[in-house]
Structure formats: structure tokens, C-alpha cells
1. Can you name every residue in region 34-44 that is open to solvent by 30 Å² or more (accessible area, probe 1.4 Å) and touching a residue at least 24 places away in the same chain (Cβ under 8 Å)?
2. Identify all residues within region 267-298 that are open to solvent by 20 Å² or more (accessible area, probe 1.4 Å) and either aromatic (Phe, Trp, Tyr) or within 30 Å of residue 345 (Cα to Cα) (or both); write none if there are none.
3. Could you tell me whether region 115-130 includes any residue that is assigned to a loop (DSSP other than H, G, I, E, B), over 18 Å from residue 25 (Cβ atoms) and modelled with pLDDT of 90 or more?
4. From (1) among the hydrophobic types (A, V, I, L, M, F, W, C); (2) modelled with pLDDT of 95 or more; (3) surrounded by 19 or more Cβ atoms within 10 Å (Cβ to Cβ); (4) in a helix (DSSP H, G or I), pick out the condition that doesn't hold for residue 327.
5. Please tell me if residue 61 is of a type outside the set (A, V, I, L, M) and closer than 30 Å to residue 262 by Cβ.
6. Can you confirm whether residue 217 is over 23 Å from the mean Cα position of the chain (by Cα) and open to solvent by 10 Å² or more (accessible area, probe 1.4 Å)?
7. In region 239-258, what residues are more than 18 Å from the chain's Cα centre (by Cα), among the aliphatic types (A, V, I, L, M) and surrounded by 19 or more Cβ atoms within 10 Å (Cβ to Cβ)?
8. Can you pull out every residue in region 111-121 that is surrounded by 15 or more Cβ atoms within 10 Å (Cβ to Cβ) and under 34 Å from the mean Cα position of the chain (by Cα)?
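The values are calculated or read from the model by the stated rules, or taken from the named source; none is laboratory data. Quick caveat, the model's predicted, so the values are computed rather than measured. Glycine also receives a Cβ, built like all others from the backbone with ideal geometry; neighbour counts cover every protein chain displayed. For accessibility, only protein heavy atoms count, side chains too; no ligands or nucleic acids. Shrake-Rupley method; radii C 1.70, N 1.55, O 1.52, S 1.80 Å.
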Amino acid sequence: MTHSESAELHQATGSEEVIAPLPRVTLQVFCETPAVAAAMQAVVADRRMDKAHARIQMGGPAAAVEAFRAAPTPNIIVLETVSDPATLVANLDALSDSCDAGTKVVVIGHVNDVQLYRDLIRRGVSEYLIAPLETLDVLRTLSELYVSPEARNLGRIIAVTGAKGGVGASTVAHNIAWAISGGLDASTVIVDLDIAFGTAGLNFNQDPPQGIAEAIFAPERLDAALLDRLLSRCSDNLALLAAPAMLDRTIDLGEDALDQLLDLLRASVPCIVLDVPHQWSAWTKRTVLGADEILIVAEPELASLRNAKNFVDLARAARPNDTGARLVLNQVGMPKRPEIAPAEFAKTLGTEVLSTIPFDAQLFGTAANNGQMIAEVQAGSKATEAFSQIASALTGRGEARRGKRSLLEPLVSKLKRRKAS
């Protein structure tokens, strides 16, 4: 996909900008004022910095020159300066004598000086930021040091998880992915992370010979070409990375087991929907909190309310620079079941209920048994409208778009060509 196609897709989906996480890099920050040091602490604490190894210290450019006289330089050096331009330039010239090849330098200043900016760029400085700093601006700058222009605006990851087991989170995830790929015309991959008991293959009437197990259990083989082969096509704009649903091995994954897979998907696909199983381990926690959007699916009853509140509170504390976790109430209006009203749910959680999905055993049962999505069984149903609303909110679009030419991203288009040949 070209940069212009990427921009067109970004505009078409109306999605907010995605700031890609930093890769495994080392970062050292040399501050001169407490305010900038505090701002950089907030940057380092952000989820997008999870893989980076960062250190913040005081002393500014002069301290950096001394620190690296006999020590190797990190991948990124961030320098705050309050001195005059001549002193800063002198320190940068001295630092350049010690910098290893590939080290990137970002300068934070307090003066909006175009001539200084030009002098810094000529000396190889990657970027000049002006204090006071906004956390997302700094994160964007650091991310763009490693993300090519062609990859920007791609790779929105949506993690869908249940407040408890049996609330229909997988069904919601699959139907949202269908709505994004169809109604919003955005190329989407759904990833079934319930390796032992996943139902995405059944719900999409797919039985692929390979899937996510090959990606996770043989990370040394995983690359874009292998990922292309592992995906199965559900529609023109929707591909599936299915779970094997086999019990021949236990699923004891390391915390970072999905990092490589998600990095590849983020670099290739505009939208990734993760069907996260209802379990709480290091890797599921990392996956959920590391997503661009978190969707919690709950039923209108007490256990769901308690667990959803824990989710919302955790996300709010761990992701201060992101949209809070979203909440969907599923199976609302089940006959003879006492239910907690959506308004009470919202009041207790301190957040709005994004959507309510009505209980309809006939509709959902038919779809599940036929391996179809709800929109395929009954396009005008209230549940179909709810999934479209949720898809629009998660991708930043006000309303679904229909009838426009699809913009296929590379992986899905390759799958389509291969199926046709």
C-alpha cells in the first residue's frame, strides 16, 4: 500500500491517529528542569514504551557529553536545553564525537527559534521539540523515528474481552470485525487468541489447516510471508487467524509471546480485532492493555458489573493517555432474568455504556449453527445495528459507509488472488 492509499484509507475509515509502540530500543534522557523531567516520566510510563529500556537523569547536554565519553550511546538520546544556542551547538558537536552509528538525538528547547532548528537538523538532530511537552506529542516523535511514512495511520488494534465467561465476547468480536470490514469498508483481520477452545473458525464456517498456533509456537519462523499463508479469507475485506481448538498441548505463553505477531499485523493491516479469551495471565493482560481500543463485553448482572469495574479502573490507571475501556452490554432483556439497568452500570463504572445488544436466542443460535454473522442472517435486526454502532465508535467513524470501493491491504489482497488462482 502506498502512502497516498494509506492516507485515503485513514480518511475513509475516519479513525484517529495510531501512534505505533516503540521497538526494543534503549533511551536516555538528560533534563535540566523538573517540569520536563516529569513530562518525560509520563512518556516513559506509557504503554507504547513497554519494550523500550529508558533512563531519565538531570544535567542536560553537558551531562550527556560526560556520560558518553567512554560509554556506548543508546539508540535514542533526548536532551533538554536551557542554554544559549551556541552552548548547545558546542555540546552537540562534542557529543557527536562519542555517538555510535545509528544513535538518534532529540532536543527539547524552550525557545521557538527557526534558525536554531535548522542548525540542529544540519547537525543530524532528528527532531526539536518545544516545552511545555504534551505526552502524546513526544510519543509520536519517538515512534516516528522508527515507523516509515508508509506504515503510519495503519494498525489499529481492538481487544475484545468478556467481563466473565459466557457473556458472548467472542460473538461480539466476530460481528464487530464483520461490521468494520463490510459496513466501514476497512480491511480487517480477526485473531482468535483462545488457542484451545476458540470459536472464530466455527462462526465464520472456516476450517483452515493452519492458524495462530504456527505463529506463536514457532516465532523464529514468523515473518510476513508466513503470516500471509496462515490467514484464511472470510470475505473480500476480512481475514481470519484461527485457533486450532486442540488440547494436545497446554497454552503457557510468555508475557511477550504475541509481540512479534502483533507487530507484523500492525504494520500490514488497517484494523486488527483480537478475540481475547476470558483468562487473566501475563500475556492476556499485556495484550489487552497494549491495544489501541479495549472493549469489555458484559451481561446486565452483578458479577459482570464487578469484573467490568475492575477492568475499567485498571485501564484508566494503566493507560492515562488513551481512551478508556469501552463497555457493551450483551444479552439484554433475557426473559424472567432480573437485570441491572444500563444507567446503573454506567453510574457504577463511571463510563458510558457504548451499546446494548438485545437477547435473541433464535437469531444468535441460527447464526452460530450456520457459521454466519448476524448481519448475514438478519440484516435489519437491532443486533446488527448495534454491531455497526460499536464498529463506528471503535474506528472513530460517525456512521457506517456503504457502497464504496473497498481498499484492500496487502495481506488480504494476496489471499484473494491466491484463492482465485
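1. If the condition is that a residue be open to solvent by 30 Å² or more (accessible area, probe 1.4 Å) and touching a residue at least 24 places away in the same chain (Cβ under 8 Å), then 35, 42 are the ones that fit.
2. Taking region 267-298 and keeping what is open to solvent by 20 Å² or more (accessible area, probe 1.4 Å), we get 267-268, 278-282, 285-286, 289-290.
Once the filter is applied, which keeps residues that are open to solvent by 20 Å² or more (accessible area, probe 1.4 Å) and either aromatic (Phe, Trp, Tyr) or within 30 Å of residue 345 (Cα to Cα) (or both), region 267-298 yields 278, 279, 280, 281, 282, 285, 286, 289, 290.
3. The first filter runs over region 115-130 and keeps only residues assigned to a loop (DSSP other than H, G, I, E, B), leaving 123-126.
From what's left, over 18 Å from residue 25 (Cβ atoms): 123.
Now narrow it down to the ones that are modelled with pLDDT of 90 or more: none.
The answer is no, given that none of the residues of region 115-130 is assigned to a loop (DSSP other than H, G, I, E, B), over 18 Å from residue 25 (Cβ atoms) and modelled with pLDDT of 90 or more.
4. (4)
5. Details: of a type outside the set (A, V, I, L, M): yes; closer than 30 Å to residue 262 by Cβ: no.
When the stated conditions are applied, residue 61 does not pass them.
6. Working: over 23 Å from the mean Cα position of the chain (by Cα): no; open to solvent by 10 Å² or more (accessible area, probe 1.4 Å): yes.
No.
7. Answer for region 239-258, where residues must be more than 18 Å from the chain's Cα centre (by Cα), among the aliphatic types (A, V, I, L, M) and surrounded by 19 or more Cβ atoms within 10 Å (Cβ to Cβ): 242, 243, 251.
8. Within region 111-121, 117, 120 qualify.
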